[in-house]
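Below is one structure, written out as structure tokens; the observations come after it.
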Amino acid sequence: MPLGATHSMTQELTGIERQLVLDYLIAGNAPITLTPIEAFAFKKTVKPDASKLFPIARAEQLENRAVLLLKASPQAVQAFAGKKVKVQFYFHKLGLYFVTTPKEAAPGLALDFPAVINRIPLAAPPKNAALTAMLYYTNSQPAQQLVCQLAPAYPLFVQPQWSDIDESIQEAAKVYLERAIASSRSSGTAIGNGLFLIPVCHYLAHKDSTVQALAERAEPPTVLFINHERIIFGYTLHGYKMQQGCEYTLKLGFPLQTPVKERAIYITCEAEALYTSDDNERSCACCRYTSIKEEDVRFLYELQNKHRKLQKPC
């Protein structure tokens, strides 16, 4: 039976599975990603430059222990040697990880063979989410639906700030921003104060090197921004792709502390502008509402103002 084919609740590999994975790594079939454990602490997302991808040079006995040797530059050795790290990699598209402390060794870093290797769990939906979003599209009959994702790095109903973008990618984000503004001018698309472009540029500039539970897993769009006029989605190369000029139907759900439990809003929107990253891995769709009730416009506007008052000043 292939690794990961069982329905066991445990995430830890069995002894036989662990040996299969180690043989796979020793053969140099897959590069591995190292991320300091400290990078995960108190962070909404891991910084883009916190993780590094390394090729495996070889495996051997070193100081009476079995190790994997990684090819690493002197700068990389300084960044990871002696620090507790999370080692992530794919085994036939299945995301796995273990925790260890690399040591300096030619040609770069030495990792002890792990006693325990775990599967990377599927991301759980956020608890007490301020919004649920269901996207309907009609590429086929009957209409299909996607439950959209939310991401902590893109807080909703608050005013986006440039400081939301990590300094290491702000230059790249600035280039995307300049292009987006130039594109809106040439097309005559109204963008108002343009603040909604900040999460767009953030999403396009951020290259997520985190290993997922499954490689190339098709994921639904992520809601990056929403107000009383528009909603913005981000999606990857392997996710559902939106089309410029197409109209979509949305059901937005907002939790209520009442017996009703949820306020539902039904909207149609048009993807009036698409933006794509230079590596063609990520895209954003800026959708303007084409049909929405007046009371729902007021609800979204008031919700935005309520959160803005709670937002900390810059």
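The values are calculated or read from the model by the stated rules, or taken from the named source; none is laboratory data. Predicted, not measured: the structure shown is a model, and the values here were computed from it. Cβ atoms come from the backbone with ideal geometry, glycine included; neighbour counts cover every protein chain shown.
Hey, can you tell me all the residues within the range 125-145 that are of a type outside the set (Ser, Thr, Tyr) and modelled with pLDDT of 90 or more? It would help to see each step written out before you state the result.
Restricting attention to the range 125-145, the residues satisfying the condition of being of a type outside the set (Ser, Thr, Tyr) are 125-131, 133-135, 139, 141-145.
Listed by number, the residues that qualify are Leu131, Ala133, Met134, Leu135.
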Of the residues in the range 60-84, how many are closer than 14 Å to Ala106 by Cβ and not polar (S, T, N, Q)?
13
Looking at Tyr154, Tyr176, which one is touching a strand residue (DSSP E or B) at 6+ places or on another chain (Cβ under 8 Å), at pLDDT 90 or above and assigned to a loop (DSSP other than H, G, I, E, B)?
Tyr154
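Return the residue satisfying two criteria in turn: it lies in the range 184-198 and is assigned to a helix (DSSP H, G or I) and over 26 Å from the mean Cα position of the chain (by Cα), and of such residues it is nearest to Lys47 (Cα to Cα). Steps first, answer last, please.
Restricting attention to the range 184-198, the residues satisfying the condition of being assigned to a helix (DSSP H, G or I) are 184-187, 197-198.
Remaining after also requiring over 26 Å from the mean Cα position of the chain (by Cα): 184-187.
Details: Ser184: 30, Arg185: 32, Ser186: 34, Ser187: 34 Å.
Among those that are assigned to a helix (DSSP H, G or I) and over 26 Å from the mean Cα position of the chain (by Cα), it is Ser184.
Scan the range 87-98 and give yes if some residue there is surrounded by 15 or more Cβ atoms within 10 Å (Cβ to Cβ), more than 27 Å from the chain's Cα centre (by Cα), hydrophobic (A, V, I, L, M, F, W, C) and at pLDDT 90 or above, otherwise no.
Start the filter on the range 87-98 by keeping residues that are surrounded by 15 or more Cβ atoms within 10 Å (Cβ to Cβ), which leaves 87-91, 94-98.
After this cut, where a residue has to be more than 27 Å from the chain's Cα centre (by Cα) as well, the list is none.
No: zero hits.
One line per residue, one yes/no per condition, for (1) in contact (Cβ under 8 Å) with a residue 12 or more places away in the chain; (2) closer than 30 Å to Thr35 by Cβ; (3) basic (Lys, Arg):
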position: Leu150; (1), (2), (3): yes, yes, no
position: Ile165; (1), (2), (3): yes, yes, no
position: Ala172; (1), (2), (3): yes, yes, no
position: Thr189; (1), (2), (3): yes, no, no
position: His202; (1), (2), (3): yes, yes, no
position: His206; (1), (2), (3): yes, yes, no
position: Ala218; (1), (2), (3): yes, yes, no
position: Leu224; (1), (2), (3): yes, yes, no
position: Arg230; (1), (2), (3): yes, no, yes
For Ala79, are the conditions met, namely being at pLDDT below 90 and assigned by TED's automatic domain parsing to the domain that holds Pro55?
yes
Given the conditions (1) among the aliphatic types (A, V, I, L, M); (2) buried (at least 19 other Cβ atoms within 10 Å of the Cβ); (3) in the same structural domain as Val46 (by TED's automatic domain parsing), report the number of the one that Ala106 does not fulfil.
(2)
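Within the range 97-119, is even one residue among the aliphatic types (A, V, I, L, M) and closer than 18 Å to Arg230 by Cβ?
no
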Condition first: exposed (fewer than 14 other Cβ atoms within 10 Å of the Cβ) and more than 22 Å from Val200 (Cβ to Cβ). Can you find one or more residues in the range 270-284 that meet it?
no
